[in-house]
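J.: My structure is below; once you've seen it, I'll send some questions.
A short reminder: the numbers here are calculations on the coordinates, not readings from a lab. Predicted model only: the values in this text are computed from it and were never measured. Heads up, the Cβs are rebuilt from the backbone with ideal geometry, glycines too, and the neighbour counts pull from every protein chain shown.
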């Protein structure tokens with residue numbers, strides 16, 4: 001009975017957007033720490049630098065309508081929680097750096113954005129438990145380097161706040 005209560009509470013609180021049966025089966029964060037993304041400045045963004053930090057890694061694409069809807073919530077979260085030490089990274093699952101850079105600028109994205117690339121990005125999504133590679137996909141890491149929460153689909157400002165406040 002206690003386990004059922006915990007699962008119901010977890011889902012009601014909106015902390016995890018995965019089935020109740022899989023609450024204990026969050027993916028390993030190791031695939032994140034093993035990659036570097038292509039930064040717009042030509043320098044790689046090594047995601048291993050996220051170790052030891054609370055981090056929000058959001059996989060998205062310029063052509064993805066739900067991703068476009070979600071961006072303001074991520075930007076709001078970055079402005080609120082970035083100063084509190086939470087790292088945000090937008091990992092574009094695309095290959096055209098110029099179009100992603102232009103999109104980020106036109107849409108007021110100020111958190112770090114880099115290219116995961118289409119092929120590498122999809123492989124990374126799948127390694128992180130998103131077998132269908134649906135976008136957007138957000139992975140929240142704790143300071144110990146573990147996946148704390150995942151969300152395929154739009155992450156609302158309220159859900160992001162619930163997750164981050166429970167970790168700070």
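J.: Which shape class applies to the chain: rounded if a/c is under 1.5, otherwise prolate when a/b exceeds b/c and oblate if not, where a ≥ b ≥ c are the square roots of the Cα gyration tensor eigenvalues?
T.: Because a/c hits 1.5 or more and a/b exceeds b/c, the chain counts as prolate.
J.: Where does each of 155, 74 land when they are ranked from fewest to most other beta-carbon atoms within 10 angstrom?
T.: Fewest-to-most Cβ neighbours within 10 Å comes out as 74, 155.
J.: Also, I was wondering about something else. Obtain the nm distance between the two label points defined at residue 79 and residue 102 by a simple spin-label model: each point lies 7 Å from its Cα along the Cα-to-C-beta direction.
T.: 2.6
J.: How big is the Cα convex hull of segment 85-159 in projection, averaged over all directions, in nm²?
T.: 5.6
J.: May I pose another question? If I model a spin label at residue 143 and residue 48 as a point 7 Å from the Cα along the Cα→Cβ vector, what separation in nanometres do I get?
T.: Here the answer is 2.3 nm between the modelled labels.
J.: Indicate, rounded to the nearest 5 percent, the antiparallel portion of the DSSP beta bridges found entirely in segment 2-167.
T.: 60
J.: Working from Cα positions, state the angle (0 to 90°, nearest 10) between the long axis of helix 97-106 and the longest principal axis of the chain.
T.: With rounding to tens, the tilt is 70 degrees.
J.: Just want the ordering: 95, 41, from fewest to most Cβ atoms lying within 10 Å of their own Cβ.
T.: By the 10 Å Cβ count, ascending, the order reads 41, 95.
J.: Any idea what angle helix 65-81 forms with the longest principal axis of the chain, computed on alpha-carbon atoms, 0 to 90 degrees, nearest 10?
T.: Between helix and principal axis, roughly 80 degrees.
J.: Take the Cβ-Cβ distance between residue 167 and residue 63 as r, set R0 to 25 Å, and report the resulting FRET efficiency rounded to the nearest 0.05.
T.: After rounding, the FRET efficiency stands at 0.20.
J.: Roughly speaking, what is the centre-to-centre gap between segment 118-168 and segment 37-93 when only Cα atoms are used, to the nearest Å?
T.: 11
J.: Note the angle between two axes, namely the Cα long axis of helix 118-127 and the longest principal axis of the Cα atoms of the chain, as a number of degrees from 0 to 90, rounded to the nearest 10.
T.: The angle comes out at about 10 degrees.
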